[in-house]
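Data first, discussion second: the structure below is written as structure tokens.
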Amino acid sequence: MAEDSAGKPSVNALASVQVATLIRDAAALRLAVSKTAAGATLIDAGIGVRGGMEAGRRIAEICMGGLGMVCFAPGAVELGNFEQIHVHSADPVLACLASQYAGWSLSHGEGKGAYQALASGPGRAVARREPLFDELGYADRYHSAVFVLEVEREPPPEIVDKVVRDCGLPAEHITFILTPTRSLAGRTPTPVRPPQATGPSGAPAANRS
């Protein structure tokens, strides 16, 4: 296992294996894979394609930097038989705060056509644009980075260029997974997020940089 920051696991190294599998199974998962003009990889999980819950489950595990396991389970009768999502992690602090937490605010433009997105995923630990990483004492210096964006359209070139620049990596080593909240894939990672990653008490505000 690749390591960084004093022996801690590299969340991007772990997630890169899952990303490769996601791309390999894209057709079966009803996903679309493309490249930006700069060469970054885009995985559409619900904008122009249908996606699905299995895609969402896998994306939820990628969001946790490969440090978590997500599975579906039948719902209890007393709870209305709704399908449940079970989450397990051996390192919840690193999985949630250093990877899953949507703490990096990306924006470009003004007015109605402005692009805004909250970036989650292990790539945040490479860019380190949030003070949170100084508190965690964690940096990931892996040679690729993956981000999950809950958006309704692809990131413009300016956003891609900013992420490339802040990560200090070639665009070809950057992956964006796009998950609209209205999509099946986009709905799955949201309930997976534990309270410590999204709750109002203790969770740092998203950093706009």
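Taken together, the criteria place L31 among residues that are crowded, with 23+ Cβ neighbours inside 10 Å, modelled with pLDDT of 95 or more, within 19 Å of R153 (Cα to Cα) and more than 12 Å from the chain's Cα centre (by Cα). The sole residue among G56, G52 that is in contact with a Ser or Thr (Cβ under 8 Å, 6 or more places away or on another chain) and surrounded by 15 or more Cβ atoms within 10 Å (Cβ to Cβ) is G56.
Summed over region 114-146, the residues that are in contact with a helix residue (DSSP H, G or I) (Cβ under 7 Å, 6 or more places away or on another chain) and under 14 Å from G186 (Cβ atoms) give a count of 2. When you look at V93, is it touching a Ser or Thr at 6+ places or on another chain (Cβ under 9 Å) and β-branched (V, I, T), yes or no? Against the criterion (touching a Ser or Thr at 6+ places or on another chain (Cβ under 9 Å) and β-branched (V, I, T)), V93 does not qualify. Of everything in region 7-24 that is touching a residue at least 24 places away in the same chain (Cβ under 8 Å) and more than 16 Å from the chain's Cα centre (by Cα), the residue that is surrounded by the most Cβ atoms within 10 Å (Cβ to Cβ) is P9.
The values are calculated or read from the model by the stated rules, or taken from the named source; none is laboratory data. What you are looking at is a predicted structure, and each value in this text was computed from that prediction instead of being measured. FYI the Cβ positions are ideal-geometry reconstructions off the backbone, even for glycines, and counts take in every protein chain you see.
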